[in-house]
Amino acid sequence: MKALITGGAGFIGSHLADELLAKSHTVAILDDLSTGRMSNISHLKTNPNFELIVGTVLNEYLVDKLVERCDVVFHLAAAVGVELIVKKPLESLTTNIKGSETILEMAYRYNKKILITSTSEIYGKNVNGPLKEGDDRILGSPLKVRWSYSTAKAVDEMLAYVYWKEKNVPTIIVRLFNTVGPRQTGYYGMVVPRFVEQALNNKPITVYGTGKQSRCFIHVKDVVSALIKLTEEPHSVGEVFNIGSQHEITIEQLAKEITKITKSKSQIEHIPYEKAYEEGFEDMQRRIPDTTKLNKLIGFKPTYTLAQIIQDIVKYQKDTNKPHR
Ligand code: UDP
């Protein structure tokens, strides 16, 4: 199989490239290196089945050529992370909506299977848990830029769905819930690499708000194995799937767990949301996926415990031994 991964130099994309190459597939990566990093893929440079194309998903001519010569597209290129979206809303909206539209149009032109990565942000402030794929989206005002990520991704999902319904493009949609692991940077706000870095440097752990908000963290390796299985399974076409762990932990507990594992002297420092993000910022208080649908189709079950995930990230940060900026 010849796979095209947009955003393949990013955190998730680079792990996906590793796994596909390990399974003897051919991989082409399209990445504009805005948040993706060469260091994530430099170990692949000598692999004859690997190719990197530096460019943007907004370049129609380039996307046309790359989609034409692949068998399957994994569309991961996106502006990610709530902090980045809040800081650069216009650029984020353009990349996320126009980029997906371009790649879907090319998948239609050449009739290629395409997996679109969406997000748990789709559910917005719906705190019911566990969240099922058909559950409601509850969002704040569109004038709060925080919701632009959720909205852009919802447009991507709708596009993918109607390209399937109206034009028979074999699309698959996945909603990723708090995927973490080596190579993820804390620079764009992601909590686990950030806390690990703070703990390893004995700096204050920056818990936003009360710290009572909760999340479920999943190892990136469990996620990429699900992504590959979904593209191999014909019944996934035209469907949307949650991918995540169901092990819920509050952010305060997470901070404590990370200080314990790293034997850090760090103390927790509470930071109000308006200081961390923007005035009137609304956080998701709780986010747990219902993964029954994924489990039924591909026998999905996360294999890493939270402690193992944290240890893996600690090891990575110690090995690379540099601030993740
Ligand atoms: N968070 C935090 N301190 C940080 C970064 C994030 O307390 O330095 C919180 C954030 O407000 C949210 C949770 O950790 O409640 C998860 O944030 P992340 O950006 O990793 O993912 P999200 O679930 O918000 O997409």
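Bear in mind that the values in this text are calculations on the coordinates, not laboratory data. If you're wondering where the values come from, they're calculated on a predicted model, not measured in any experiment. Cβ sites come from the backbone with ideal geometry, for glycine too, and all protein chains shown count toward neighbours.
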**Rg in Å to one decimal, and Dmax rounded to a whole Å, for region 208-325 via C-alpha atoms** = 17.2, 51
**Request:** Between beta-carbons, use under 15 Å as the cut-off and find the net charge around residue 31, counting Lys and Arg +1, Asp and Glu -1.
**Result:** 0
**Prompt:** Along the charge dipole of the chain, Cβ charges K/R +1 and D/E -1, which of 172, 48, 108 sits furthest on the positive end?
**Reply:** 48
**Item:** Average Cα contact separation per residue, the chain, under 8 Å, 6 or more apart, as relative contact order %
**Value:** 18
**Message:** Under 20 °C and 1.002 mPa s, how fast does the chain diffuse according to Stokes-Einstein, given a Kirkwood radius computed over C-alpha pairs? Answer in µm²/s, whole number.
**Reply:** 107
**Complete:** Among beta bridges assigned by DSSP with both residues in the chain, the antiparallel ones amount in percent, to the nearest 5, to 10
**Request:** State to the nearest 20 debye the size of the charge dipole of region 75-221 about its Cα centre, where the only charges are +1 on K and R beta carbons and -1 on D and E beta carbons.
**Result:** 240
**Item:** Charge dipole of the chain about the Cα centre (unit charges at C-beta), most positive-ward option of 235, 124, 253
**Value:** 253
**Convex hull of Cα atoms in region 96-197, direction-averaged projection (nm²)** = 8.1
**Asked** Are any of the pairs 153/260; 87/315; 113/221; 88/293; 221/293; 23/256 more than 28 Å apart by Cα-Cα distance, and if so, which?
**Response** 153/260; 87/315; 88/293; 23/256
**Prompt:** Could you give me the ³J(HN,Hα) list for region 58-74, computed from phi with Karplus coefficients 6.51, -1.76, 1.60 and θ = phi - 60°, whole Hz, x at Gly and Pro?
**Reply:** 7, 7, 4, 4, 5, 4, 4, 4, 6, 5, 4, 9, 10, 9, 8, 10, 9
**Rg and Dmax [Cα atoms of region 32-171; Å; Rg one decimal, Dmax integer]** = 16.3, 49
**Prompt:** Straight-line reach from residue 125: which aspartates and glutamates have Cα under 12 Å away, leaving out those fewer than 8 places along the same chain?
**Reply:** 135, 136, 282, 283
**Complete:** Simple SL model, points at 7 angstrom along Cα→Cβ for residue 47 and residue 318; separation in nm is 2.6
**Message:** Which GluC sites (Glu not before Pro) in region 192-249 sit in a loop by DSSP (not H, G, I, E or B) and have at most 13 other Cβ atoms within 10 Å of their own Cβ?
**Reply:** none
